[in-house]
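A short worksheet on the structure shown next.
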Amino acid sequence: MNFPMNSLYKEKHMKKIISMIMMLSLVLAMLGGCSSKKGSSEPESNNIENESTKDNQPAAADSAKDPVYIDADAETMTGEVRFLTAFAGDLGTDALIEEFNKYYPNIKVTYETYGNTVDGNLGANTSIQAGNADVILSYHTHNTAFRWENGMLMDLTDYLKNDNLDLVKEWGTDAYLYQDRVYALPSGGVSIFIALNMDKWNAADLGEIPESWTWDEYLEACRAMTEVDSTGKTTVYGGADFNQRDYWTYPMRQTKGVDAFYNEEGLADFDSGLAATILNRFLAAEDEGIWYPKINFITDGTKTRDLVWSGTIASCVESIITRFVMDKENYPHDFILGYAPYPTNEEGETNYAQGAMINSFFCVTNNAQNPDAAYAFAKFASTYGGKYMYRAGHTTTWTGTDPDEIINVVFGSEETAAEYVDVDSYITNVIAIGQPAYHEEYIVGYNNVAVLVDEYTDYIFSRTMTVEEGLKKLNELANEAIEEAK
């Protein structure tokens, strides 16, 4: 059965597809994975080994030496660093630069912001190629891999070795290598959690925020928080997914831990049964009236968090809502915001959505005008400066992060924080340092697969296709995209 592209997808995605084609035309290499086949379901290195790199692998950090986070000659180092980021000054960038300059007073850092969209990343790549940027906060694995595969990023391997900085010890993973070399510091992440209107939670007499729970248990809480009028119409939905199309795939990430879209053979994994279980669960909750319809977010552009602030939904899947909680002028509300852990598909399984999922990387560009100064800034931003990511609602993966310091960065003090959020649950489920976290290692055809996921999300949640029909077609087309990208 053939399903024509619906008008919603045309409107929302044709520009995206055209921009992607333009982006790919800038360089000769197509975005592809770092191998053509996956050999194991366990997390493995993303590197490519060939004869030219076998003897050029990064050396392990010397455990007898201390890591160097601040250079010994920091006060006398000079240079200029031009920084590309998606975060405006008041979202942590100004504070990051100010603190960096306390240690490196003679390195001037300027910044420009770019949108983390297809068009925005195209512009960022153009800026890098033109020699107008020295450091970029690069978002998402596929965008970052595109940059290192096409020669836009500087090899940081020897810098890290000289500073005795080990990827695993500092940021928890060494999966993000290219030809066994380091081109990106995997230091930025997002925490995925359930945001709670604590007035609604307490009114439903749900007790303490759970330390862990399943989707069935969370939906039962949504059922308790749902409010209906005399006609049975829902007036307050107990819960909702995040408004971004692909967030229905996050339970796949939670269970699998690595490479949600792919199976062990490196092909699409939308037909294994897990995706169908997730989608049927969401659609059933929508039909029951306890879960806000996903298609509404897609068609009208509403943000999930705005419905939390207005009281239309009592809880939701979120990641950056904390960025807005103190701004009651623009986001008026009179309740404390709580944070529950992201639910698991099955009781007792490892929750790979509990920790900060890597989604951004500090990188030095291959044509940086002052490479040493640029590396010093990227290193600082990935370690001591990582705490400022929380001001934008993002997180850091640096293992040396002090949770108490983050509270002060975001809210000013713990006392102030308590006026807006449940502090204990914020520390546990947003800061979440050291918790297991999903990541990606295999990204063959990822861009095209992601576009297909968006398209078939529309079909399924608009009920244009059944779950079974949509996933079957999605899996077929995703496999074609993967094979073409090999």
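The values are calculated or read from the model by the stated rules, or taken from the named source; none is laboratory data. Since the structure is predicted, the reported quantities are computational estimates derived from the model, not experimental observations. Because the Cβ atoms are built from the backbone with ideal geometry, glycine has one as well, and the counts that use them run over all protein chains shown. Please note that ligands, DNA and RNA were not included when accessible areas were found on the heavy atoms of the full protein model with its side chains. Shrake-Rupley method; radii C 1.70, N 1.55, O 1.52, S 1.80 Å.
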Output the 0 to 90 degree angle, nearest 10, between the alpha-carbon long axis of helix 93-103 and the longest principal axis computed from the alpha carbons of the chain. 30
Net charge near M154 (other residues with Cβ under 12 Å of its Cβ; Lys, Arg +1; Asp, Glu -1) is -2
Average Cα contact separation per residue, the range 146-185, under 8 Å, 6 or more apart, as relative contact order %: 50
Equivalent-ellipsoid semi-axes (√(5λ), Cα gyration tensor) for the range 174-307, whole Å, largest first? 33, 18, 15
Helix axis angle, 467-485 relative to the chain longest principal axis, alpha carbon, degrees: 20
Per residue, how much accessible surface does the range 414-486 expose to a 1.4 Å probe? Answer in Å², no decimals. 39
Once both label points are put 7 Å beyond Cα along the C-beta direction, the T350-V68 separation in nm becomes 3.5
Given that just one value was derived from the coordinates, which of [x] 22.5, 73; [y] 24.6, 83; [z] 24.1, 76 is Rg and Dmax of the Cα atoms in Å? [x]
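Want the number for T235 to E80: 0.36 nm per residue separation, take away the alpha-carbon distance, what's left? If you can, show how the numbers build up before the last one.
Working: separation 155, 0.36 × 155 = 55.80 nm, distance 5.50 nm.
Here the answer is 50.3 nm.
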Relative contact order of the range 106-244, please, whole-number percent, based on alpha carbon pairs below 8 angstrom and at least 6 residues apart. 12
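Determine the per residue accessible area of the range 299-368 with all protein chains present and a 1.4 angstrom probe, expressed in square angstrom.
Details: 2490 Å² over 70 residues.
Dividing the accessible area of the range 299-368 by its residue count gives 36 Å².
Would the range 308-422 count as rounded, prolate or oblate if I go by the C-alpha gyration tensor, calling it rounded below 1.5 in a/c and otherwise prolate when a/b exceeds b/c, oblate otherwise? It would help to have the intermediate numbers written out before the result.
Details: a/c = 2.21, a/b = 1.54, b/c = 1.44.
Prolate is the answer for the range 308-422, as a/c is 1.5 or above and a/b outweighs b/c.
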Most to least packed among 369-378, 277-286, 102-111 [average Cβ atoms within 10 Å]: 369-378, 277-286, 102-111
Using the Cα gyration tensor of the range 295-339, with a ≥ b ≥ c the square roots of its eigenvalues, what is the shape: rounded (a/c below 1.5), prolate (a/b larger than b/c) or oblate (neither)? prolate
Among the listed pairs K294/K473; K294/K486; K233/K256; K256/K473, those beyond 28 Å (Cα-Cα): K294/K486; K233/K256
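For the range 220-282, what does the alpha-carbon gyration tensor say about shape, rounded, prolate or oblate, given a ≥ b ≥ c as the root eigenvalues, a/c under 1.5 as rounded, and a/b over b/c as prolate?
Details: a/c = 3.38, a/b = 3.10, b/c = 1.09.
Prolate, since a/c reaches 1.5 and a/b exceeds b/c.
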Where does the charge balance sit around N351 when Lys and Arg score +1, Asp and Glu -1, over other residues with C-beta under 12 Å from its C-beta? -2
Mind pulling the angle between the C-alpha long axis of helix 215-225 and the longest principal axis of the chain? Nearest 10 degrees, somewhere in 0 to 90. 60
The distance between the Cα centres of the range 238-267 and the range 366-397, in whole Å, is 28
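On full extension of the chain, what length is gained from E208 through D424, given 0.36 nm per residue of separation minus the C-alpha to C-alpha distance? Present the calculation step by step, with values, prior to reporting the outcome.
Numbers: separation 216, 0.36 × 216 = 77.76 nm, distance 1.13 nm.
Result: 76.6 nm gained on full extension.
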Rounded to the nearest 0.05, FRET efficiency between I320 and E468 (Cβ-Cβ, R0 35 Å) equals 0.55
Label model pair S310, E483: point-to-point distance (7 angstrom along the Cα→beta-carbon line) in nm is 4.6
Restricting to Cα atoms and excluding each atom paired with itself, what does the Kirkwood estimate give for the range 419-486 in Å? 14.9
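Report the relative contact order of the chain, percent, no decimals, based on alpha-carbon pairs under 8 angstrom and at least 6 residues apart. Write down the numbers at each step before the final one.
Numbers: 903 pairs, mean separation 121.3, N = 486.
Value for the chain: 25 percent.
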Place the peptides 133-144, 234-245, 113-124, 67-78 in order of packing, highest mean first, counting for every residue the other Cβ atoms within 10 Å and averaging per peptide. 133-144, 234-245, 113-124, 67-78
Along the Cα-to-C-beta direction of Q244, a point sits 7 Å from the Cα; which residues of the range 88-128 have their amide N less than 12 Å from that point? 116-117
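Per-residue ellipticity at 222 nm for the chain, helices alone: DSSP H runs ≥ 4 residues times -39500 (n - 2.57), over residue total, nearest 500 deg cm²/dmol?
On the way: 18 runs with 179 residues, N = 486.
Taking each H run of at least 4 residues, the total per residue is -11000 deg cm²/dmol.
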Determine the equivalent ellipsoid of the range 74-165 by diagonalising the alpha-carbon gyration tensor, then write out the semi-axes as square roots of 5 times the eigenvalues, largest first, rounded to whole Å. 23, 18, 12
Computed accessible area, W213, all protein chains, 1.4 angstrom probe, square angstrom: 20
